[in-house]
Each structure stands twice: as structure tokens, then as C-alpha cells.
Amino acid sequence: MSFLRFGFVTGPLIGALWLLTLSTTVAITFSFATGDPFRPSFWLSLGIGAVAGLVAVGPLARLQKLGAIVAVIFALTMIGAGPMVAEAGSAVRILAAAVLAGVTGWTTLVIMDDTPLHRLTRHEMEAAWIRFLTGFGYIFFTAIVLIPFYVMVMTSLKSQSALLQNPLDFSLDLDKGWGLFRSYKELFQDFKFGRYMWTSFYVSVLTVFITLAFSIPGAYAVARLRFSGQKAFSRSILLIYMVPMIVLALPIYIAFSMTGLRNTVIGIILIYPVTTIPVALYMLQGYFRGLPAEVEDAGLMDGLNRLQVIWKITLPLALPALASVSLYVFMIAWNEFLLAFMLLDDPSKFTLTRGVSMLNSSEIPREHLMAGAVIATLPVLVLFLGLEKFMTKGLTAGSVKG
Amino acid sequence: MSVATPPKGTGPLQKREARLAWSLLLPTITIVSLVVILPLLSIFWISFKPISLADLRPPAPILRESLRGSGDDMRIEYRLRNSSQDVEITDVTIRDIFPDSLVVTGALPAGCALSGAALNCDLGTLEPGYNQRLRIPVALAEGFDEDNAEEAAEGSEPRVTGSGDSILTNSEFTLSNFQRVFDGDEFWSVMWATVFYTVFGTVGALVMGLFAALLLNKSFRGQGILRGLYLFPYVAPVIAVAFTWVNLFDPFSGSANALLLQMGVTSEAINFFGQRPLALIMVTVFEIWRYFPLSFLFILARMQSIDSDMYEAADMDGASPFQKFWYLSLPMLLGILSVLFLLRFIWTFNKFDDIFLLTGGNAGTRTLTVNVYEQAFAISNIGAGAAVAVVIFGCLLLFSFFFFRFISREEGL
């Protein structure tokens with residue numbers, strides 16, 4: 001790889017790959033935003049990018065480089081021989097070309113910062129490549145995460161026929177005003193989504209409480225008390241946590257069918273905590289182990305018994321962990337699909353996820369399905385973003401099931 | 001003078017602690033064994049049973065009563081049926097009370113006796129598929145008209161009892177379920193899909209997570225926002241994101257196809273979730289997309305706890321960025337990476353709902369877990385589904401053996 005150690009090799013290489021990345025990104029962004037056809041031109045991107053990379057490592061002053069790259073890319077894009085081909089109204093074309101040219105000029109110079117034209121030291125070469133990979137990484141990850149969620153929200157706001165005509169046109173007809181949210185309104189009015197939400201909510205909250213009631217004493221015993229079999233016990237928690245739900249769902253289905261618990265919310269409330277207790281046990285015991293035992297010993301010396309120690313000392317200290325475990329359990333219960341799908345048939349008892357799966361039929365337009373998906377996603381995302389610090393701490397404190 | 005010796009055995013304090021521990025654990029143990037251990041055992045039991053979805057309801061006698069005829073030729077008819085076509089029902093009895101408005105005139109069917117107004121029938125055994133009418137000739141009592149009589153006769157519900165031999169509890173066993181599961185090419189295609197999905201899904205999610213963690217392992221403005229954003233796929237309900245992917249990659253109206261067509265990458269629409277082997281690759285990509293946040297989170301947490309002194313020393317010695325990553329970061333991350341690999345491997349192996357929602361197990365994406373559902377519910381053969389579940393459980397025991405051999409050497413987790 002020694003040929004990479006020259007600025008006039010590394011510069012054009014990175015420049016070419018970078019411009020290809022950027023033109024693809026800008027083309028996709030503008031396609032999704034306007035519905036007009038934009039597409040990157042593969043070979044022209046590589047070629048023009050290579051030149052831009054060479055200019056960026058070249059001897060000119062910084063502002064001259066910037067001006068040159070921006071001007072050339074803008075001009076070429078406008079005459080149709082640039083890294084991106086656009087067939088759109090002139091205003092949109094000018095905007096897209098300007099964005100592409102500006103971003104390319106600026107970022108190429110940042111990537112090629114302190115990269116000389118001739119011999120590079122190993123550090124200079126690697127630093128340039130790392131800056132390129134970092135930029136690529138940010139674009140790549142942001143795109144793959146954002147695009148599905150963007151499509152989900154936008155599809156829910158558009159009519160199916162409009163999307164069939166041009167699947168890329170996500171622009172919204174703002175004249176409709178509140179009419180944009182028609183599919184949401186119909187879901188709440190005709191499909192009883194308000195009720196499903198309420199069912200999901202109270203099932204999840206009850207699951208959290210039942211889970212905590214069982215797992216706090218259990219986790220404390222495993223983490224703190226000495227008894228024979230303690231080690232085997234903490235291992236079997238992990239083992240149980242590895243049993244796949246579908247294996248359990250089959251006998252649970254049979255048992256529930258025979259006892260009449262199938263198709264009842266009570267049955268769901270009975271079964272959800274069992275799926276979350278191992279997770280909660282595992283997370284909590286990790287946290288309890290991390291608490292200083294001296295504080296509890298002091299409590300014991302002062303005449304409290306164990307239960308009082310747990311209530312008055314350990315639990316208040318473990319409050320952040322309890323919060324994150326609760327959040328996590330809430331998320332699992334809210335998102336749970338398999339058991340709800342197998343055990344509930346009666347539309348009046350559906351949880352939200354079960355309700356959304358009901359919308360997946362050819363008779364119901366797709367915007368309803370996507371609106372249902374948004375309704376199911378929004379509460380957990382809001383909860384999660386609001387309490388992200390808790391969540392990330394809790395998730396990493398004990399390892400977590402997916 | 002006595003010599004002080006350290007106490008031997010378990011002292012009273014220690015015993016009390018152990019007792020407390022067990023009493024704290026008792027509720028958890030009870031509920032977990034009720035809902036985890038018991039079903040696991042029953043899975044083994046069911047896997048040896050020739051049972052289908054329809055057998056879940058045990059065979060029972062079904063009885064309908066009606067008053068037929070008019071005038072002199074009146075009779076009460078009991079239509080008795082065995083609900084099962086292949087299991088007999090034993091000790092069948094009927095109990096009914098005749099209304100005052102009817103008088104029994106003729107002979108009772110065999111096995112029946114009348115005491116006052118109460119009818120008792122002991123019919124013994126019903127053959128499989130039994131479907132007969134028992135007729136009792138009756139006449140109107142003085143001063144009642146026919147409509148009243150019919151209402152009264154059919155108003156008093158007859159009680160029927162009988163014990164059927166449920167296939168779940170009898171002693172009939174078979175190996176045909178396992179034969180069916182291991183039979184033919186299907187098993188190998190299922191195994192191949194499972195291995196492909198598990199291995200590539202796990203490795204892919206780890207590599208992507210490592211890459212994302214490297215990106216965010218520095219502080220800059222917006223780092224928190226990006227970290228939150230990158231966790232979205234993991235936090236959102238699987239049903240929402242799976243349906244979004246199906247929409248996005250729809251062959252007719254999906255945006256992904258439209259985009260590819262417009263860019264000239266392909267000349268005709270691609271059926272991403274409907275053709276082999278693309279469907280399997282797509283569900284694996286979905287798995288990677290959905291679970292890279294988890295590996296990312298753990299790897300990032302570990303990265304941020306690495307002491308920066310080491311890197312400063314490496315800087316002094318002139319190490320380049322790639323050298324620092326390869327010789328310093330990677331060895332430090334090896335522990336968490338291997339633990340994550342094992343955990344994710346097992347959980348990916350266990351994954352059901354993702355594939356089920358994306359393809360329903362079609363187009364060569366049927367993994368072992370999806371096969372459980374297919375056998376038990378799509379083909380209604382619960383026994384075969386249970387047999388697949390037993391195979392899964394066997395694999396799992398194997399994995400956890402490796403896991404515990406390995407994890408005892410690793411920190412944390």
C-alpha cells in the first residue's frame with residue numbers, strides 16, 4: 001500500500017469516493033424531498049471527485065481551492081455534465097447543485113486538511129483516510145436509520161394512490177391542513193386504536209409492577225446473601241433468559257386454550273411478567289452487586305433486619321437502576337408482539353401491536369398501516385429520548401435481551 | 001486452658017441468611033418454573049404425541065334435545081354425537097327432567113330409567129363418530145297445549161357427561177413427529193437458513209456496532225443526538241419497523257425499487273422479500289440493522305472506560321491511528337466483543353418475529369423458530385412443532401455449554 005503514501009494518489013482517490021458518496025446522498029435526499037428524479041452519475045462523480053481531491057491537496061491557497069471546487073461542480077451540475085443529474089424545475093435544480101457544490105467543497109478541504117501533495121507520512125495518510133471514513137460513516141448510519149422512519153411517517157400522511165404513481169414523492173400537500181392526518185383520525189374513530197393504546201398502556205404498567213415485585217427480592221438474594229446454590233442460581237437466570245419465546249409460546253398456547261385464558265387480557269398480564277422477570281433479575285442483580293455492602297452492614301449493626309435494610313437502604317440507593325429497569329420492561333411489554341398475536345383473537349381485547357398487525361391486509365390502505373406503526377412507535381421513542389441517559393445506563397449495566 | 005478454634009460447619013447466622021435468601025427467591029422460583037420449566041417439560045412430552053390443533057379440545061359427547069311430532073305421535077328426541085371421529089368416549093350418562101306437560105307413553109331406550117320426572121340414562125361407551133337419536137314416545141298431559149309443551153321440553157337442559165381419552169394425557173407415543181422434522185431436504189434447507197441468518201446476522205451487527213461506536217467515541221456537539229438516533233431501530237416496536245421495511249422494499253410501489261430504477265442500478269423492479277436467495281439476505285440485513293444499536297451501545301460503553309494514558313503513551317512512541325486501533329483498542333475490546341458475539345448468536349438463533357413479519361418464512365427464509373410456528377399452526381401439527389422446539393432446545397443447550405465455559409473467563413456481563 002506504499003503508493004497511498006503520496007498526496008497525489010491519496011487525494012484523488014479519497015476525492016473520487018467522497019464525491020460519489022455525496023452526490024448519491026444529495027440525489028437521494030432531494031428525490032425523497034421533492035419527488036423529482038435526481039440521480040448521481042457514477043463515472044462523472046468519480047472523475048470530478050478525483051480532480052477535486054487533487055485540487056484540495058494542491059498548492060493553492062485555501063480560499064482559492066474552495067472557490068475552484070465549488071464553482072466547477074456547480075457549473076457542471078447546472079449544464080448537466082456534473083456528478084448529479086437533475087430533471088427538475090430550475091429553482092430546485094439550482095438549490096440542489098448549490099448544496100452539492102458547497103458541501104463538497106467544504107468537506108473535501110476538511111478531509112484533506114494538512115495533507116501535502118507529495119510524500120505523506122503514515123500519520124498524514126491514515127488521518128486523511130480516517131476523516132473520509134468518519135464522514136462516510138456519519139452519512140451511512142444516519143441514512144439507514146432515518147430513511148425507514150421518514151418513509152413510515154410520510155407514507156402515513158399520504159394517500160396510497162398518490163404513492164403508487166410516484167413512490168418517491170413524499171412531498172406533502174400542505175393545503176389539506178388537518179386533512180393530512182385523516183388516516184390517524186380514522187384509526188382512532190373506526191379501528192378503536194384509542195382503546196388498544198389504553199390496553200397496551202395498562203398491560204405494560206402492570207407488567208412493570210409485577211416484574212419489580214418479583215425480581216427485587218430475587219435479585220437481592222442472588223446478589224447479596226450467601227447460600228449454597230447461589231452460583232448455580234445466577235447462572236440459571238442467564239440460561240432461562242436464553243430460552244426462545246416461541247418454544248414457550250406453544251405450550252402456553254395449549255395451556256391457555258384449555259383453561260380458557262386465551263383471548264383474555266388477564267392471560268396476557270399473567271404471561272408478560274414471566275418474559276421480563278429474568279431480564280429484570282439479571283439487570284438488578286448486577287446493580288445490587290455494585291452497591292457498597294458497607295452501608296448495608298452499618299444498617300444491620302444499627303439494628304435493622306434484612307428486610308428493613310432492603311427497604312430503607314438498598315432500594316433508595318438503587319433508584320436509578322429501578323427506573324431504568326422499569327423503562328426497559330415497559331418497552332419490552334409495549335413492543336411485545338408474538339404472544340399477543342398468538343393469544344388474542346378478539347378485536348376488543350387487542351394490544352396496540354396486535355391491532356397494528358390486524359391492519360396488514362390488502363383491503364386496508366397502506367397509510368393506515370403506517371399510521372398504526374407511527375402510533376405504536378411514538379410513545380416508546382418519546383419515552384426513550386426523554387430518559388435516554390437512564391436507558392443507556394440500564395442497558396449496559398446488565399446485558400440485555402433483544 | 002481451652003484453645004480457641006474457628007467454628008466449623010454452618011452457624012446459626014449463616015443458616016438464617018440462607019433461609020432468608022430462599023424465602024426471597026421462592027416467589028420468583030415458583031412463577032418461573034411454572035411458566036418456563038413446566039412448558040419446557042411439556043414440549044418434550046408433546047413432541048412424542050401425534051397431536052394436531054384440533055385435538056386440543058378433548059372429545060366430548062354432544063347432545064341436542066327436541067320435541068318432534070304432534071297429536072298422538074309425539075316423541076322427545078335426543079340427538080347424541082361423539083365430537084371426535086377417532087376416539088371413543090366412556091361412561092356416558094344423560095340426566096334430564098321431564099316437564100309436567102308431558103307423559104311418557106312408550107318404552108324407554110336401552111339403559112334409561114325414569115324415576116318420577118327425572119330421566120337417567122347410562123349409555124356406556126360411544127364409538128368414534130357415533131351419531132344416533134334416542135327417541136322417547138310421549139303424550140300431552142291434560143290441559144296443556146303443544147306450544148307450551150315444546151317450550152317446556154326444550155327449556156330444561158339435559159346434562160350429559162362422559163369421559164374421553166385426551167390424546168395429550170394418554171399413553172400413546174410416536175416418533176413420527178421427529179421423523180417428519182428430520183425428513184427430507186426441508187430440514188437441511190431450514191438448517192441452512194438458520195445458520196446463515198444467525199452467523200451473518202450476529203457478525204454483521206457486531207461489525208456495524210463497532211464501526212458506529214468508533215464514530216461516536218469522541219465528544220462533539222450533537223454526539224448525544226446521534227447516539228439517541230442510532231438507537232432508534234432497536235427501541236421501536238418490531239412490528240412497526242418490519243412493516244415499514246416491507247413497504248419500502250415492495251416490488252410495485254416501494255421507494256427502494258423506485259430509487260434503484262431511477263438511478264439506473266437495475267432495469268426492472270426487484271422482489272426483495274419474495275425471491276431466493278435475496279429474501280434470506282434481506283432478512284439478515286434487517287436483523288443487522290435492528291440490532292447493531294445494541295452492540296454499538298455496549299462497545300461504546302467499554303471504549304469510554306479504556307484508560308487514555310495508554311493512548312498517550314502510544315502517541316509518544318509514534319503509533320499511527322490504525323496501529324492504535326489494531327494493537328490497543330481491539331485487544332481491549334476483545335472481551336466485550338466475544339461476550340456480545342455469544343449472546344447475540346444465541347438471541348439471533350432464537351429470533352422469530354422479525355422473519356415472521358417480513359416474509360412469513362417464505363422464499364427460503366424459514367429458520368428453525370419459524371418452522372415451529374409453521375408446523376404447529378400453519379399445518380396444525382402441534383406435535384411436529386414441538387419436535388422442532390426440542391431440536392432448538394438441544395442446540396441451545398450446546399450453545400450455553402460453550403457460553404459458560406467462556407463467560408467464566410470474561411469480566412462483566
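Here are the numbers for the structure shown:
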{"quantity": "Proximal charge balance of A:SER159 [Cβ under 15 Å; K/R count +1, D/E count -1]", "calculated": "0"}
{"quantity": "Chain A: angle of helix A:122-157 to the longest principal axis, Cα-based, in degrees nearest 10", "calculated": "60"}
{"quantity": "Solitary cysteines of chain B, where the nearest other Cys Cβ is not under 4.7 Å", "calculated": "B:CYS395"}
{"quantity": "Region A:321-334 - phi-based ³J(HN,Hα) in whole Hz, Karplus 6.51/-1.76/1.60, Gly and Pro as x", "calculated": "5, 4, 4, 6, 5, 4, 4, 5, 5, 4, 4, 4, 5, 5"}
{"quantity": "Computed magnitude of the charge dipole of region B:151-232 (debye, nearest 20; Cβ of K, R +1, Cβ of D, E -1)", "calculated": "1220"}
{"quantity": "Gyration tensor verdict on region B:176-407 (Cα atoms; rounded if a/c is under 1.5, prolate if a/b is larger than b/c, oblate otherwise)", "calculated": "oblate"}
{"quantity": "Axial C-alpha extent at least 18 Å, average Kyte-Doolittle at least -0.5 - helices from chain B (DSSP)", "calculated": "B:12-32, B:184-216, B:278-304, B:330-350, B:382-407"}
{"quantity": "³J(HN,Hα), Karplus 6.51/-1.76/1.60, whole Hz, each residue of region A:225-233, x for Gly, Pro", "calculated": "7, 9, 7, 5, x, 5, 5, 4, 5"}
{"quantity": "log₁₀ of I(q)/I(0) at q = 0.04 Å⁻¹ - the protein assembly as shown, Debye sum with one point per alpha carbon", "calculated": "-0.26"}
{"quantity": "Rel. contact order, % - alpha carbon contacts under 8 angstrom, at least six apart, chain B", "calculated": "19"}
{"quantity": "Inter-centroid distance (Cα atoms) of region B:27-57 relative to region B:99-126, Å", "calculated": "43"}
{"quantity": "Inter-chain Cβ neighbour average for residues A:149-161, partner chain, 10 Å", "calculated": "3"}
{"quantity": "Cα long-axis angle, helix A:62-79 against chain A (0 to 90 degrees, to the nearest 10)", "calculated": "90"}
{"quantity": "Region B:302-362-region A:288-363 distance, computed between alpha-carbon centres (Å)", "calculated": "28"}
{"quantity": "Charge dipole of chain B about the Cα centre (unit charges at C-beta), most positive-ward option of B:PHE249, B:VAL238, B:LEU342", "calculated": "B:LEU342"}
{"quantity": "Top of A:THR24, A:THR314, A:THR351 by mean-square fluctuation, Gaussian network on chain A, Cα under 10 Å", "calculated": "A:THR314"}
{"quantity": "Percent breakdown of C-alpha pair distances by 5 Å bin, ordered from the shortest bin, for region B:143-251", "calculated": "2, 7, 7, 8, 10, 9, 7, 7, 6, 6, 6, 6, 5, 4, 4, 3, 2, 1, 0, 0"}
{"quantity": "Student exercise, the protein assembly as shown dipole from Lys, Arg, Asp, Glu Cβ charges, in Debye to nearest 20", "calculated": "3360"}
{"quantity": "Backbone N within region A:243-273 under 20 Å of label point (7 Å from A:TYR202 Cα along the Cβ vector)", "calculated": "A:261-273"}
{"quantity": "Nearest-0.05 FRET efficiency for B:ASN131 and B:THR93, computed from C-beta distance (R0 22 Å)", "calculated": "0.75"}
{"quantity": "Nearest-20 debye value, region B:176-407 charge dipole, Cβ charges on Lys, Arg, Asp, Glu", "calculated": "260"}
{"quantity": "Whole-Hz couplings from phi, Karplus 6.51/-1.76/1.60, listed for region A:34-40; x for Gly and Pro", "calculated": "10, x, 7, x, 10, 8, x"}
{"quantity": "Burial ordering of B:CYS395, B:CYS121, fewest other beta-carbon atoms within 10 Å first", "calculated": "B:CYS395, B:CYS121"}
{"quantity": "Hydrodynamic radius of chain B per Kirkwood, over alpha carbon pairs, in Å", "calculated": "28.5"}
{"quantity": "For chain A, the Rg and Dmax computed from alpha carbons only, in angstrom", "calculated": "28.9, 86"}
{"quantity": "Globularity index of region B:319-413, i.e. its alpha-carbon radius of gyration over 2.2 N^0.38 Å", "calculated": "1.51"}
{"quantity": "Percent of C-alpha pairs per 10 Å bin, region A:174-273, short to long", "calculated": "12, 25, 28, 18, 10, 5, 1, 0"}
{"quantity": "Global geometry of region A:2-165, whether rounded, prolate or oblate, following the gyration tensor of its Cα atoms and the 1.5 cut on a/c", "calculated": "prolate"}
{"quantity": "Inter-label distance, nm, simple model (7 Å from Cα along the C-beta direction), A:VAL295/A:ARG235", "calculated": "3.2"}
{"quantity": "Paramagnetic reach from B:SER52 in region B:377-400 [backbone N under 19 Å; point 7 Å along Cα→Cβ]", "calculated": "B:377-388"}
{"quantity": "Approximate shape of region A:48-109 as ellipsoid semi-axes (Cα gyration tensor, √5λ), whole Å, largest first", "calculated": "22, 10, 8"}
{"quantity": "Average partner coverage of B:225-231, which counts Cβ from other chains inside 10 Å", "calculated": "5"}
{"quantity": "Most mobile of B:LEU216, B:LEU38, B:LEU297 in a GNM of chain B (Cα contacts under 10 Å)", "calculated": "B:LEU38"}
{"quantity": "Violating pairs (Cα-Cα greater than 22 angstrom) within the set A:LYS389/B:LYS351; A:LYS231/A:LYS312; A:LYS158/A:LYS349; B:LYS218/B:LYS324; A:LYS231/B:LYS351", "calculated": "A:LYS389/B:LYS351; A:LYS231/A:LYS312; A:LYS158/A:LYS349; A:LYS231/B:LYS351"}
{"quantity": "Rounded, prolate or oblate (a/c below 1.5 giving rounded, otherwise prolate when a/b exceeds b/c) for region A:184-397 by Cα gyration tensor", "calculated": "prolate"}
{"quantity": "Fluctuation leader among B:PHE298, B:PHE48, B:PHE178 - chain B, Gaussian network, Cα springs under 10 angstrom", "calculated": "B:PHE298"}
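Read-outs: derived from the displayed coordinates by stated rules, not from any lab. It should be emphasised that the depicted structure is a prediction, and the values quoted were computed from it without experimental measurement. Here Cβ is always computed from backbone atoms with ideal geometry, including for glycine, and neighbour counts include all displayed protein chains.
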